[in-house]
Amino acid sequence: MKKNTFKYLLFCAFLTLLTACGSSDGDDEISPLSSQKLITNFMISDVSGVVNNTSNEVMATILGPDQDITSVTPIITVSPGATISPASGVVQDFTNPVTYTVTAEDGSTVDYTITVIGTIFSFTFDGKSYEIISEQLNWRDAADFAIERGGILAEINSVEENNAIFLVLNNTPGMDFSPSGRQAVWLGGNDFDNEGTWVLDGNNDGNGIQFWNGEADGMSVGGLYNNWNDTEPDNLALSGGQNALSMALADPALPEIIPGRWCDVGEDSELFFVIEFN
């Protein structure tokens, strides 16, 4: 009798274990493989680049003209579970933009175009540091790039500051503006929110101080400095409107524009730009 009871209990224990295992198997679900494939950070010399996951572009920089753009080692972070090729930490020649491919867990891929700026011209004026970035970007991307570097697009507040920047632009060896098309650089101003309401807004947060009202026949606001060319701002309709601030350089195609003066330019134009660090 005791032997039969033991066999019965052993059989029940076996059934319980079998049922538990069956239930466990039923509850286990295989998680779907992730389709995430973003570059979340791109760093050179501990400085993060500007990552645009809409256009799949990255703009980064190496510090100073003494570093070799043909031998750059970026550190790249991607979505969890994703991989990137070429791999993070591998030396690259960025003389021209380089294509990186990010592969998600599920095997889907996306290509990123990585552009590295090899030359930054730095200078100081009145205790403030500036950089001239010799890379063509539209106004908003230039503002984003400035913020990533810890600065803003230059907001000029005096004739002395204007002249100092213009002097460097004209006298820095190796500064070639010819690839940029229009001979000008971006400054930190716009009238994006209201036509003719020009504000100093070098970080593009929409909270700038108004310095000008109207077009070429307008007026200064609050006595703030301005240096418009005689015919500017004109919001030229042929170019789809002009709502971003630039400083003009000598341009044979525009002899009516005095170098060093300000012009409004379409925000999607791609120009070099000036960053200030407060």
**Residues satisfying the stated conditions in segment 15-60, i.e. at pLDDT 85 or above, part of a strand (DSSP E or B) and surrounded by fewer than 16 Cβ atoms within 10 Å (Cβ to Cβ)** = T40, N41, M43, N52
**Asked** Taking segment 241-259, which residues are among the small types (G, A, S) and either under 24 Å from the mean Cα position of the chain (by Cα) or crowded, with 19+ Cβ neighbours inside 10 Å (or both)?
**Response** G241, A244, S246, A248
**Request:** Would you mind telling me which numbered condition in (1) at pLDDT 95 or above; (2) surrounded by fewer than 19 Cβ atoms within 10 Å (Cβ to Cβ) N170 fails?
**Result:** (1)
**Message:** Just the residues that are surrounded by 12 or more Cβ atoms within 10 Å (Cβ to Cβ) and not small (G, A, S), please, taken from segment 74-89.
**Reply:** P74, I75, I76, T77, V78, T83, I84, P86
**Message:** Looking only at segment 154-167, filter to residues that are aliphatic (A, V, I, L, M) and surrounded by 13 or more Cβ atoms within 10 Å (Cβ to Cβ); which one of those is nearest to W139 (Cα to Cα)?
**Reply:** A154
**Request:** Hey, can you tell me all the residues within segment 196-244 that are part of a loop (DSSP other than H, G, I, E, B), touching an Asp or Glu at 6+ places or on another chain (Cβ under 6 Å) and in contact (Cβ under 8 Å) with a residue 60 or more places away in the chain?
**Result:** G202
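If we scan segment 210-218, do we find a residue that is surrounded by fewer than 21 Cβ atoms within 10 Å (Cβ to Cβ), of a type in the set (A, V, I, L, M, F, W, C) and within 29 Å of the chain's Cα centre (by Cα)?
No, segment 210-218 has no match at all.
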**Request:** Scan Q183, Q242 and give me the residue that is out of contact with any Phe, Trp or Tyr (no Cβ under 8 Å at 6 or more places or on another chain), under 27 Å from N170 (Cα atoms) and either at pLDDT below 95 or assigned by TED's automatic domain parsing to the domain that holds N163 (or both).
**Result:** Q242
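The values are calculated or read from the model by the stated rules, or taken from the named source; none is laboratory data. Remember, it's a predicted structure, so these values are computed and weren't measured experimentally. All Cβ positions, glycine included, derive from the backbone under ideal geometry; neighbour counts span all protein chains shown.
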